[in-house]
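Visitor: Once you've had a glance at the structure underneath, I'll fire off some questions.
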Amino acid sequence: MSYCVGILVDEGLALVSDSRTNAGIDRVSTFQKMFIYERAGERMFGLLTAGNLSITQSVASLINDHLGTGDAAKDLYAAPSMFEAARMVGAAVRNVHQVDGEALRQHDVDFNASFIFAGQVKGRNLRLFQVYAAGNFIEATRDTPYLQIGEIKYGKPILDRIITPGISLVDAAKCALISFDSTMRSNVSVGPPIDVMLYRRDAMKVGLRIRLEERDDYLVTIRRLWGGALQKAFYDTVPNPAWTV
């Protein structure tokens, strides 16, 4: 399993993904789940992947193969808008399903894949999408400014409580990493290295891209301080119910 989150705020975009893949407790590996496609000054796209690794890698490879070809239906660098770029990602997913879907079914393997796709084309809006296994997609809105894929349930509560369009990009990234810490605390199938990408609206180039290893100082600090803050809130801040007295 994987966990990825994309957060769209007024200031920009935060994309965060883990890199753990497992096919059983004795087959744990590290694979990149974040892919960046950039032409500085013109456009920037980010793709996060979760699900069956062979499927998601095939989709990413198809997208890479068509970069720079000028194909109006397949080349992200030729897409006139984020909507059309998201349609290209969806088409790549359907292409892989058409080629591999039946063979997977015959081996009782579900076509399980999901994607977060985000970015901006110069002169157009910064947008954030979630692409499903059927190639269809939804878009983040001001009411719901974040999207998750993979093992989403453990990290969702902090996002629901904190993320609004008006928070800073740094706070969005911090909240995403706390969301990851909560997920990793409860599910061993999600783990570091954690890839982080920050993009400021209208910059047309990646602002920050960093990989945080398991013993990264900031990840360790989050684990210690967030866990301590929760315990303090539980014991010192939240009162006992009156009906237990």
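Every number here is computed from the coordinates shown, using simple stated rules; none is lab data. Remember, predicted model here, so these are calculated numbers, not experimental data. Heads up, the Cβs are rebuilt from the backbone with ideal geometry, glycines too, and the neighbour counts pull from every protein chain shown.
Visitor: Could you work out the local net charge near Val206, counting Lys and Arg as +1, Asp and Glu as -1, over the other residues with Cβ closer than 10 Å to its Cβ?
Guide: Surrounding charge for Val206 is +2.
Visitor: A further question follows. Please identify the trypsin sites (Lys or Arg not before Pro) of the stretch 151-185 that satisfy two criteria: DSSP loop assignment and at most 13 other Cβ atoms within 10 Å. Which are they?
Guide: Sites meeting the loop and neighbour criteria: Lys153.
Visitor: Separate question: With each pseudo-label sitting 7 Å past Cα toward Cβ, what's the Arg124-Asn112 distance in nm, one decimal?
Guide: With each label placed 7 Å out from Cα toward Cβ, I get 3.3 nm.
Visitor: If you keep only loop residues by DSSP, which chymotrypsin sites (Phe, Trp or Tyr not before Pro) in the stretch 132-198 have at most 15 other Cβ atoms within 10 Å of their Cβ?
Guide: Loop-located and lightly packed - Tyr132.
Visitor: Only loop residues by DSSP count here, and only those with at most 12 other Cβ atoms within 10 Å; note down the trypsin sites (Lys or Arg not before Pro) in the stretch 202-243 that meet that. Mind dumping the intermediate values first?
Guide: Values: sites: Lys205, Arg209, Arg211, Arg215, Arg223, Arg224, Lys232; in loops: Lys205, Arg215.
The qualifying sites are Arg215.
Visitor: A further question follows. Just give me a number: lysine pairs in the chain, eight or more positions apart or cross-chain, with C-alpha atoms less than 29 Å apart.
Guide: Count of close lysine pairs: 17.
Visitor: Suppose each label sits 7 Å from its Cα in the direction of the beta carbon; what would the Ser186-Leu208 distance come out to in nanometres?
Guide: Placing both labels 7 Å along Cα→Cβ, they lie 2.6 nm apart.
Visitor: With charges set only on the Cβ (+1 for Lys and Arg, -1 for Asp and Glu), what does the dipole of the chain come to about its Cα centre, in debye to the nearest 20?
Guide: Value, rounded to 20: 380 debye.
Visitor: For the stretch 55-164, report the convex hull volume of the alpha-carbon atoms normalised per residue, in Å³, without decimals.
Guide: So the per-residue hull volume is 107 Å³.
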